[in-house]
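**Q** Quick one: the structure is below, and I'll ask about it shortly.
The values are calculated or read from the model by the stated rules, or taken from the named source; none is laboratory data. If you're wondering where the values come from, they're calculated on a predicted model, not measured in any experiment. For neighbour counting, all protein chains shown are included, and Cβ atoms are generated from backbone atoms with ideal geometry for every residue, glycine included. We work out accessible area using only protein heavy atoms, side chains counted, and drop any ligands, DNA or RNA first. Shrake-Rupley method; radii C 1.70, N 1.55, O 1.52, S 1.80 Å.
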Amino acid sequence: MILEIISISLLRNNKRIFKNFSLSLRKSQIASLIGKNGSGKTSLLDMIVGLISPNSGTIKIDGCDINEIGEEKKFKFVYLPFIDAFKENLSVQDNIKIWGKLSSLKFNQKTLEKKLEYFELLQLRDTYVGKLSQGQRKRVSLVKLLLSNCKLWLLDEPFNSLDKENMKKLKTLFLKHK
């Protein structure tokens, strides 16, 4: 199993979000979380990546307990939260390069430009992220998927702010990764 969620429970603000929730995903499976705002989708992703801990239960990625993975997390999954973490006063390519260093990825300028081109961002590579539209910012985040070697992709609201053409590109990317 690439991801195992075993009987997790979570209470937040005295509200039960999950009770004995379990899920198993094998390599090549795609899962989509659908629910109302505030139903716990982001909380579940935050538990999977180890940002918050469940009150009970276990989460494993590639057979390893998420609490025991430590620094190796960056090699197990790539997580794109709903709210991006870009430096507004840095360019598109500088933001991606910083993320690459933090993720221990090595890629050259030519590779970066090729990946930026997939989401039609090459011409914006020197533009400050703070000057981009929401859709452009989302596409910059998605470039990280193209540069990552991780088997597990965890994305919160991946289609928000994308136009139909880029939604189609992302779906194609999901199927290729699968």
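**Q** Here are the criteria: (1) touching a helix residue (DSSP H, G or I) at 6+ places or on another chain (Cβ under 8 Å); (2) aliphatic (A, V, I, L, M); (3) farther than 19 Å from Lys151 by Cα. Tell me which single one Leu3 does not satisfy.
**A** Of the numbered conditions (1) touching a helix residue (DSSP H, G or I) at 6+ places or on another chain (Cβ under 8 Å); (2) aliphatic (A, V, I, L, M); (3) farther than 19 Å from Lys151 by Cα, the odd one out for Leu3 is (3).
**Q** Here's another thing I want to ask about it. For the range 52-100, which positions are touching a strand residue (DSSP E or B) at 6+ places or on another chain (Cβ under 7 Å), polar (S, T, N, Q) and either outside any loop (DSSP other than H, G, I, E, B) or without any contact (Cβ under 8 Å) to a residue 24 or more places away in the chain (or both)?
**A** Ser56, Thr58, Ser91
**Q** Here are some residues: Lys138, Lys114. Which one is assigned to a helix (DSSP H, G or I), at pLDDT 95 or above and open to solvent by 70 Å² or more (accessible area, probe 1.4 Å)?
**A** Every option except Lys114 fails the conditions.
**Q** Evaluate the following for Glu165: is it over 12 Å from the mean Cα position of the chain (by Cα) and farther than 30 Å from Ser53 by Cα?
**A** When the stated conditions are applied, Glu165 passes them.
**Q** Tally up the residues in the range 119-132 that are open to solvent by less than 60 Å² (accessible area, probe 1.4 Å) and touching a residue at least 24 places away in the same chain (Cβ under 8 Å), please.
**A** The qualifying residues number 7.
**Q** If I ask for residues that are open to solvent by less than 40 Å² (accessible area, probe 1.4 Å) and closer than 19 Å to Trp99 by Cβ, which ones from the range 154-178 would you list?
**A** Leu154, Leu155, Asp156, Pro158, Leu170, Leu173
**Q** Can you give me the number of residues within the range 141-167 that are farther than 27 Å from Ser39 by Cβ and either outside any loop (DSSP other than H, G, I, E, B) or in contact with a strand residue (DSSP E or B) (Cβ under 6 Å, 6 or more places away or on another chain) (or both)?
**A** Residues that pass the stated criteria total 5.
**Q** If a residue has to be of a type in the set (A, V, I, L, M, F, W, C) and open to solvent by less than 60 Å² (accessible area, probe 1.4 Å) to count, how many in the range 32-58 make the cut?
**A** Qualifying residue count for the region: 6.
**Q** Separate question: Just give me the residues in the range 13-30 being farther than 18 Å from Ile52 by Cα and either at pLDDT 95 or above or open to solvent by 80 Å² or more (accessible area, probe 1.4 Å) (or both), in sequence order.
**A** If the condition is that a residue be farther than 18 Å from Ile52 by Cα and either at pLDDT 95 or above or open to solvent by 80 Å² or more (accessible area, probe 1.4 Å) (or both), then Ser24, Leu25, Arg26, Lys27, Gln29, Ile30 are the ones that fit.
**Q** Criterion first (closer than 19 Å to Lys176 by Cβ, in contact (Cβ under 8 Å) with a residue 12 or more places away in the chain and crowded, with 19+ Cβ neighbours inside 10 Å) does Leu145 satisfy it?
**A** So Leu145 passes the test.
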